[in-house]
Amino acid sequence: MRLLIFLGLAGTLVDTAGAQGTAVLYGVVTDTLGAPLRATVRAGDGETAADAQGRYRLHLAPGRVAVRVNHLGFAALVDTVVVVAGDSLERDYHLQAAVVELQPTIVTAAKHSQLLDQSVTSVALVSDTDLARRAVSTVDEAVNKAPGVLFLSGQVNIRGSSGFVEGLGSRVLLLVDGVPANQGDRGGIDWDMVPVADVDHAEVVKGAGSALYGSAALGGVVNLITHDIPVGFHGRLRATGGAYANPPYDAWQFRDYTGGLGGVDATGSYGTETLRGSLTLGGRHSDGYREQDRSNQWETAGRAQWLPAPGTRVTASGAWTSHQYQNFPTWCVPGACDTRGQAFQPFMIDNSGRGSYTRSNKGYVAATLDRTSSPSFAWQVRGSWLRTHFTDANPDDWSVANRLGAELRGVLHAGGGDDRVFTVGVEAGHTGVTSDIFGDSGHVGDRTEIEIAPFLEAEQRLGRLRVTAGARLDHVSVDGSGRATVPSPRIGAVLPSAFGTWRASAGRGFRAPTLAERFVTTRAFGFQVVPNPGLRPETAWSFEIGNSGAFASWGRVDAALFWTEARELMEPTFIVVDTTPEIQIRNVSRARLRGLDASIVVTPVPALSATIAYVYLDTRDLTRDTVLSFRPRHVLTLSSDYRWRSLSVGADFRYTSRIERIELEEIFGQDPRVAARVLDLRAGWQQGPLSARILVTNALNYIYNFVPRTLEPVRTISVVATWTY
Amino acid sequence: MIAGMPSRVARAALAAAAAALLACDEGLHPITCSGICGTVTFAGAVPESTQAVYIVAYHTFPRSRDSLFNFQPPLPSLHALPLGGVPTLYNIPVEPGRYEWVLAVWVKQGFNLTNADSTLRETGYYRDPADTSQPGAVTVAGGPADTINFIVDFAHMHPPCHYYNPPCP
């Protein structure tokens, strides 16, 4: 009987598909005993949920498509099918009971869609579930808890890659849906560029990624993947309110009221089979947890998609954020304010920084054309414009940076399968900066940087072994003259085995000096900072060997040993000019970073999950024969969540060992430094379209700092209410 | 619990979490002093040519020009004293050790490393409580040296070479 029903259904579908020029995939999802499952089926751009009888159907662009079937409590199932325009294909799926989801799909590690276990480098995922549980307000909060990731006063580190360099340059590349988003002038990351409401999940690729992504990917890549726009009308309204704890000691009190924070954001989207669009608007205010720490932020983001033909997608997206915030450069020590007899006042500002604030406007627009030409070949062309504009008061500086980017990329699955895959492309960028600080020795000036980089990577299956090799050649010129041509090769291999999947890779990364690092002229810590136009790119070789897999039906482990040898690192250095000490960014160091990055996920019962993640970092500045600054040796993260009906509770605990060495040790070396022990608690309730969450970050109100004289956030209680349509 | 899950894994995780939580009272605390601290009291009129006044400490008494800049804390960590006239708390973050001379240094406008003898002045120092005509030694070991109080007297300043061996004329 079921067969007859499906034969009839298939006939109807063939007619429909033929009329629209699309293909149809349909079938039934059951467990291994034949009981129907209301599973989620994703393929290409489409997604649907099976009905109560387990039946599903999907309209697809013709070609080769990866199908992924998920259901809570069952192992995800991945299938690859080839569908033809006007045709239909029946596929029934039988899911195995399991409590650990396996084989997520990623898009960042190889610049094309692949299974997580096919990646030759380590990748950490911040899932939509993680984002929902933590109900974070900013993107950096979401990424911070990923294994191997640590933020130091807002600066991201992947396995200790960046340390802390006062925002001048990041050794991690930020992508938004694959579009590079590091600042054009300073090379740092504006984590408030994209509203967190728009982010679906994040992929964190660890180790040198320059073979595909070029400069800034020296230590890794963070790719923020925004939500798909579903068919029909959908909306979401989210309101947040909360309060900061007061200082835990009377000697540190600095205001006679409790600081608050709050915000609201709304997202609306509408989609048809061919046209889709979404818009997000939001605003936030914070009193801050320290003196002179208020901030206001307005943000908007939008996206439009046009699917004019099967296998063709045109996407235009953009975001704009205006953020005004007071600055807290350093806390106060005797002689710098009224410390009330204290050796330091972590909540009070050094008088020299009083009145300091920043107005930071930033945004991007991007357009992409994705085309699947045949079952074996797909290509993408992309253009983007990224603009940042900041104006500082005390010291009074400003900079406007415009970065135009473009990329043409093709992915060829030779023979239509996964056995041999080629990814080839060329990426180009033009950055223009007008500034009084990065311009012309303290005067307003213009700077221009142009990059062009072809790249190629090939993947070949040899039995069970999958080998990857590729390279990228970056040419960077500044103000019209050639500066550097840097090759970045990478090789790697993946080998599935009875003891999990083994991976190994060796790759070269580099980071070209930013225009800010070359030309900055300002004052910091009472010293003149002078330009160094002759800076050279810093480079690193990264090696990694790792293993991931399920060690039981209730647990999964991922562990990697990594080793990075870096040369020509750019660091702020004291120099003496005419008997006057000054600060200049110089190529000074050879450095070594090596260690262990491991995580274990256990789900002893379906409602309970827990993660243990640990990073051991052994670093050495081989030039000075000291440990590298701003690299904690141990970072341990424990997370657990439990769900009971519509209620959920969870917690994160992170231990970060005391930072052994800091930059500018001569100035701040005697300041107190402690290990960090931070506990975050959360509870949630969800009923239909409504949900509410209460979050207590730094619940123990543990007082600590990573960066000299800069206090990390105190206990913050916030309530988040969300209505979803 | 899933059968087969080693209970020792759960116990180890709980023990690690408990140990970490129990250690959570070790964050930053108020500290009334670190290194050497105390109060300076001002006397005399502040010269118009004043650039700044700093407090520094020498492990050994500087008897020559060569040892003039062998003081703690290092140059970048120096904080100028506020010269408002009222007694002022100071704190210099120095390494543990014994310091023979803790003094206030007046810096004249136009100072650089080559004209130090003419632009620097000793303008007061911590004195030995038993013999106030002599500098008092200060030891920083296992904790701060506090109440290292003395007078900054702008009417009685001496150039560095006053303390050299032999002293300047």
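The values are calculated or read from the model by the stated rules, or taken from the named source; none is laboratory data. The structure displayed is predicted, hence computed values, not measured ones. Here the Cβ is made from the backbone with ideal geometry for all residues, glycine too, and neighbour counts use every protein chain on show.
If I ask for residues that are in contact with a strand residue (DSSP E or B) (Cβ under 7 Å, 6 or more places away or on another chain) and away from every other protein chain (no Cβ under 14 Å), which ones from region A:625-637 would you list?
Just the residues of region A:625-637 that are in contact with a strand residue (DSSP E or B) (Cβ under 7 Å, 6 or more places away or on another chain), to begin with: A:627-628, A:630-637.
Once the filter is applied, which keeps residues that are in contact with a strand residue (DSSP E or B) (Cβ under 7 Å, 6 or more places away or on another chain) and away from every other protein chain (no Cβ under 14 Å), region A:625-637 yields A:VAL627, A:LEU628, A:PHE630, A:ARG631, A:PRO632, A:ARG633.
Given the conditions (1) part of a loop (DSSP other than H, G, I, E, B); (2) away from chain B (no Cβ under 14 Å), which single one is not true for A:GLN324?
Result: A:GLN324 passes all but (1).
Considering only region A:237-281, how many residues are closer than 30 Å to A:THR48 by Cβ and surrounded by 18 or more Cβ atoms within 10 Å (Cβ to Cβ)? Let's see the steps before the verdict.
Here is the first cut: in region A:237-281, the ones closer than 30 Å to A:THR48 by Cβ are A:237-238, A:265-281.
Still in the running and surrounded by 18 or more Cβ atoms within 10 Å (Cβ to Cβ): A:238, A:265, A:267, A:269, A:271, A:276, A:278, A:280.
Counting residues in region A:237-281 that are closer than 30 Å to A:THR48 by Cβ and surrounded by 18 or more Cβ atoms within 10 Å (Cβ to Cβ) gives 8.
Could you run through region A:699-725 and say how many residues are within 14 Å of chain B (Cβ to nearest Cβ) and in contact (Cβ under 8 Å) with a residue 60 or more places away in the chain? Steps first, answer last, please.
Filtering region A:699-725 for residues within 14 Å of chain B (Cβ to nearest Cβ) gives A:699-715.
This time we only want the ones that are in contact (Cβ under 8 Å) with a residue 60 or more places away in the chain, so: A:701, A:703, A:705-715.
So the answer is 13.
Among the residues of region A:244-268, which ones are in a strand (DSSP E or B) and in contact with an Asp or Glu (Cβ under 9 Å, 6 or more places away or on another chain)?
Start the filter on region A:244-268 by keeping residues that are in a strand (DSSP E or B), which leaves A:244, A:260-268.
A:TYR244, A:GLY260, A:LEU261, A:ASP265, A:THR267 - these are the residues of region A:244-268 that are in a strand (DSSP E or B) and in contact with an Asp or Glu (Cβ under 9 Å, 6 or more places away or on another chain).
Out of the residues in region A:540-579 that are within 14 Å of chain B (Cβ to nearest Cβ) and of a type in the set (Phe, Trp, Tyr), which is farthest from A:LEU628 (Cα to Cα)?
Of region A:540-579, the ones within 14 Å of chain B (Cβ to nearest Cβ) are A:550-557, A:572-579.
Among the residues that remain, those that are also of a type in the set (Phe, Trp, Tyr) are: A:551, A:554, A:574.
Numbers: A:PHE551: 35, A:TRP554: 38, A:PHE574: 17 Å.
Among those residues, the one meeting the criterion is A:TRP554.
How about region A:556-588: which of its residues are under 25 Å from the mean Cα position of the chain (by Cα) and not hydrophobic (A, V, I, L, M, F, W, C)? Steps first, please.
Of region A:556-588, the ones under 25 Å from the mean Cα position of the chain (by Cα) are A:556-566, A:569-571.
Passing the criteria: A:ARG556, A:ASP558, A:THR564, A:GLU565, A:GLU571.
Could you run through region B:139-167 and say how many residues are assigned to a loop (DSSP other than H, G, I, E, B) and of a type outside the set (Gly, Ala, Ser)?
Here is the first cut: in region B:139-167, the ones assigned to a loop (DSSP other than H, G, I, E, B) are B:141-144, B:146-149, B:154-157, B:159, B:164-167.
Narrowing the set further to residues that are of a type outside the set (Gly, Ala, Ser) leaves B:144, B:146-149, B:154, B:156-157, B:159, B:164-167.
Total satisfying the criteria: 13.
Give, as residue ranges, the strands (runs of 3 or more DSSP E) completely inside region A:583-682 that count at least 3 residues that are surrounded by fewer than 19 Cβ atoms within 10 Å (Cβ to Cβ) and not β-branched (Val, Ile, Thr). Walk me through it before giving the result.
Details: elements: A:608-621, A:634-644, A:647-656.
In region A:583-682, A:608-621, A:634-644 are the strands (runs of 3 or more DSSP E) which contain 3 or more residues that are surrounded by fewer than 19 Cβ atoms within 10 Å (Cβ to Cβ) and not β-branched (Val, Ile, Thr).
Is it true that B:GLY44 is within 14 Å of chain A (Cβ to nearest Cβ) and at positive phi?
Working: within 14 Å of chain A (Cβ to nearest Cβ): no; at positive phi: yes.
Criteria not met by B:GLY44.
Just wondering, is there one or more residues in region A:219-232 that are more than 14 Å from every other protein chain (Cβ to nearest Cβ), buried (at least 17 other Cβ atoms within 10 Å of the Cβ) and of a type in the set (Gly, Ala, Ser)?
yes
Let's see how each residue does on (1) crowded, with 19+ Cβ neighbours inside 10 Å; (2) closer than 22 Å to A:GLY169 by Cβ:
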site: A:PRO489; (1), (2): no, no
site: A:VAL494; (1), (2): yes, no
site: A:THR501; (1), (2): yes, no
site: A:ALA516; (1), (2): yes, yes
site: A:PRO531; (1), (2): yes, yes
site: A:ARG536; (1), (2): no, yes
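Which numbered condition in (1) surrounded by fewer than 21 Cβ atoms within 10 Å (Cβ to Cβ); (2) under 29 Å from the mean Cα position of the chain (by Cα); (3) assigned to a loop (DSSP other than H, G, I, E, B) is the only one that A:THR108 fails?
In the conditions (1) surrounded by fewer than 21 Cβ atoms within 10 Å (Cβ to Cβ); (2) under 29 Å from the mean Cα position of the chain (by Cα); (3) assigned to a loop (DSSP other than H, G, I, E, B), A:THR108 misses (1) alone.
Look through region A:64-77, keep the residues that are closer than 18 Å to A:GLY54 by Cβ and β-branched (Val, Ile, Thr), and return whichever of them is surrounded by the fewest Cβ atoms within 10 Å (Cβ to Cβ).
Our first condition is that a residue be closer than 18 Å to A:GLY54 by Cβ; within region A:64-77, this holds for A:67-77.
Filter again for β-branched (Val, Ile, Thr), leaving A:67, A:69.
Details: A:VAL67: 22, A:VAL69: 24.
Residue satisfying both the conditions and the ranking: A:VAL67.
For B:PRO96, which of the numbered conditions (1) within 11 Å of another protein chain (Cβ to nearest Cβ); (2) touching a residue at least 24 places away in the same chain (Cβ under 8 Å); (3) farther than 24 Å from B:GLN134 by Cβ fails to hold?
(3)
Residue under question is A:ILE585, and the condition is that it be more than 14 Å from every other protein chain (Cβ to nearest Cβ) and among the aliphatic types (A, V, I, L, M); does it hold?
yes
Of the residues in region B:55-90, how many are under 20 Å from A:GLY341 (Cα atoms), more than 11 Å from chain A (Cβ to nearest Cβ) and either within 14 Å of the chain's Cα centre (by Cα) or not in a loop (DSSP other than H, G, I, E, B) (or both)?
Number of matching residues: 1.
Please count how many residues of region B:134-151 are modelled with pLDDT under 90 and either loosely packed, with under 14 Cβ neighbours inside 10 Å or of a type in the set (Phe, Trp, Tyr) (or both).
Selection size over region B:134-151: 4.
Which count do you get for residues in region A:1-28 that are modelled with pLDDT of 80 or more and within 23 Å of A:GLU273 (Cβ to Cβ)? Let's see the steps before the verdict.
Pass one, region A:1-28, residues modelled with pLDDT of 80 or more: A:22-28.
Still in the list and also within 23 Å of A:GLU273 (Cβ to Cβ): A:22-27.
Here the count works out to 6.
Working only within region A:515-565, note down all residues that are over 26 Å from A:GLY160 (Cβ atoms) and aromatic (Phe, Trp, Tyr).
Within region A:515-565, A:PHE519, A:PHE527, A:PHE551, A:TRP554 qualify.
Of the residues that make up region B:111-127, is at least one in a loop (DSSP other than H, G, I, E, B), touching a helix residue (DSSP H, G or I) at 6+ places or on another chain (Cβ under 7 Å) and at positive phi? Please lay out each step first, then the result.
Looking only at region B:111-127, we keep the residues that are in a loop (DSSP other than H, G, I, E, B), and these are B:111-115, B:126.
If we keep only those that are touching a helix residue (DSSP H, G or I) at 6+ places or on another chain (Cβ under 7 Å) too, we end up with B:111.
Checking which are at positive phi leaves us with none.
No, region B:111-127 has no match at all.
Looking at B:ALA130, is it surrounded by fewer than 16 Cβ atoms within 10 Å (Cβ to Cβ), over 13 Å from B:VAL40 (Cβ atoms), more than 18 Å from the chain's Cα centre (by Cα) and without any contact (Cβ under 8 Å) to a residue 60 or more places away in the chain?
Answer is yes for this residue.
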